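*Asks:* This is the structure I have questions about; it appears just below.
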Amino acid sequence: MKDNPIGVFDSGVGGTSIWKEIIHRLPNENTLYLADSKNAPYGNKSKQEIIDICLKNSEILINKGAKIIVVACNTATTNAIDILRKTFDIPFIGIEPAIKPAALATLTKAIGILATKGTLSSDLFHKTAKEFASNILVIEQEGTGLVPLIENNLVDSIEMELLLQKYLKPMISHNIDYLVLGCSHYPYLIPKIREIIGNKVTIIDSGFAVAKQTEKILSEQLLLNDNITPGEHYLMSNSNINTLNHLVKEIDNTTIEQVNF
Ligand code: DGL
C-alpha cells in the first residue's frame, strides 16, 4: 500500500498548483492526477452536481490504487468532502480558502477573497468566515470567467487582464492588506495579480498547508512511501491536454494522457 499513489483531482488543470506542492514536499511519492476539465468550471454547478462528480472522480482514483485522495479544489471540498469521507474508506484531504491566517494577520482589518460562486456560497465557507473573520471587513469576490481562461491557456490575454482589474480594484479601494486565493486555479494568476495590486498586499493560497497536511496524515496512517527513488506521476485529463502539458513541463517522471471518463 505504501507504494500506491497519492490521488489528486480538480475540475481541471488548477489543482496542479497543489499537486506541485505535494510532490515538492514528498518527492518519493507516486501520484495520480485527475483533471476533470470536461466538467470545468465546477463553480457554477449545484451542490448535488458537484457531489456526484466528486464521487465519480474518487471512484476512478481508488480503482487505480490511490491510497489517499487530495481534493485539490475548493469548490469540491466545500461542497462534498463530508460525503466523500463517509462514502470511502481511504483518507481525504481537502482545500479551503485560507481565511483564518489572513483574518488573524490583517492590520488594516480588511481582507479580500477571490473564489468561485460554489465556494463562496457553501455552508463550510460561511461557517469558517463567521468563526474567524466576523470582526473584520471581508470583501468576497466571485472569480467568474477566470477558470475557463486558465483552462484554455489564456492567462496572458486581454480578457484576463480586464477581469482581474474589475475584481481586484474594489478590494484595493477598501485598503485590503491580505488577498486569499480561494481557488486552486488562481495561483497561476499571481504574476498578473501582482501587477494590479502591487507589493503591499500579501497573497495567500493553501498549497503549502495542504501538502503539509497530506504528509501528516500519511505518516499517522503509516502510509508514507519509504522508497528512496523519485516518484512517478501519471496525469489524466478528459479534455485537450495542451494546457496540462504546458503547466507541468518542468516536472520530471510525468506521463500525461487524454482519457475518456
Ligand atoms: N479549482 C477549483 C477550485 O479550487 C474549481 C474551479 C471551478 O471549476 O470552478 O475551486
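The values are calculated or read from the model by the stated rules, or taken from the named source; none is laboratory data. Just so it is clear, the model here is predicted, and its values are computed rather than measured. Here Cβ is always computed from backbone atoms with ideal geometry, including for glycine, and neighbour counts include all displayed protein chains. Accessible surface is based on the protein model in full, side chains and every heavy atom, while ligands, DNA and RNA are left aside. Shrake-Rupley method; radii C 1.70, N 1.55, O 1.52, S 1.80 Å.
*Asks:* Would you pick out the residues in the stretch 49-82 that are surrounded by fewer than 20 Cβ atoms within 10 Å (Cβ to Cβ), more than 16 Å from the ligand (Cβ to nearest atom) and either at negative phi or under 17 Å from the mean Cα position of the chain (by Cα) (or both)?
*Replies:* Leu55, Glu59, Ile60, Ile62, Asn63, Lys64, Asp82
*Asks:* If you check Ser219 against the conditions, is it of a type in the set (Ser, Thr, Tyr) and assigned to a loop (DSSP other than H, G, I, E, B)? Write out each step before concluding.
*Replies:* On the way: of a type in the set (Ser, Thr, Tyr): yes; assigned to a loop (DSSP other than H, G, I, E, B): no.
Spelling it out, it is not the case that Ser219 is of a type in the set (Ser, Thr, Tyr) and assigned to a loop (DSSP other than H, G, I, E, B).
*Asks:* Can you find, within the stretch 163-209, the residue that is farthest from Ala40 (Cα to Cα) among those that are among the charged types (D, E, K, R) and modelled with pLDDT under 95?
*Replies:* Here is the first cut: in the stretch 163-209, the residues among the charged types (D, E, K, R) are 166, 169, 177, 192, 194-195, 200, 205.
Adding the requirement that they be modelled with pLDDT under 95 leaves 200, 205.
Numbers: Lys200: 32, Asp205: 20 Å.
Top of the filtered list is Lys200.
*Asks:* A follow-up question, please. With the requirement that a residue be free of Cβ contacts under 8 Å to residues at least 40 places away in the same chain and either more than 16 Å from the ligand (Cβ to nearest atom) or in a helix (DSSP H, G or I) (or both), what does the stretch 84-102 give you?
*Replies:* Hits for the stretch 84-102 are Leu84, Arg85, Lys86, Thr87, Phe88, Asp89, Ile90, Lys100.
*Asks:* Here's a follow-up. Please specify each residue of the stretch 139-164 satisfying the condition of being open to solvent by 40 Å² or more (accessible area, probe 1.4 Å) and among the charged types (D, E, K, R).
*Replies:* Result: Glu140, Glu142, Asp156, Glu159, Glu161.
*Asks:* Of all residues in the stretch 111-138, which are part of a strand (DSSP E or B) and surrounded by fewer than 18 Cβ atoms within 10 Å (Cβ to Cβ)?
*Replies:* Leu137
*Asks:* Those residues that are of a type in the set (Val, Ile, Thr) and open to solvent by less than 10 Å² (accessible area, probe 1.4 Å), I need them from the stretch 1-43; list them, please. Working first, answer last.
*Replies:* To start, the set of residues in the stretch 1-43 that are of a type in the set (Val, Ile, Thr) comprises 6, 8, 13, 16, 18, 22-23, 31.
Ile6, Val8, Val13, Thr16, Ile18, Ile22, Thr31, listed by residue number.
*Asks:* Only one of (1) at positive phi; (2) within 15 Å of the chain's Cα centre (by Cα) fails for Lys109. Which number is that?
*Replies:* Lys109 satisfies all of (1) at positive phi; (2) within 15 Å of the chain's Cα centre (by Cα) except (2).
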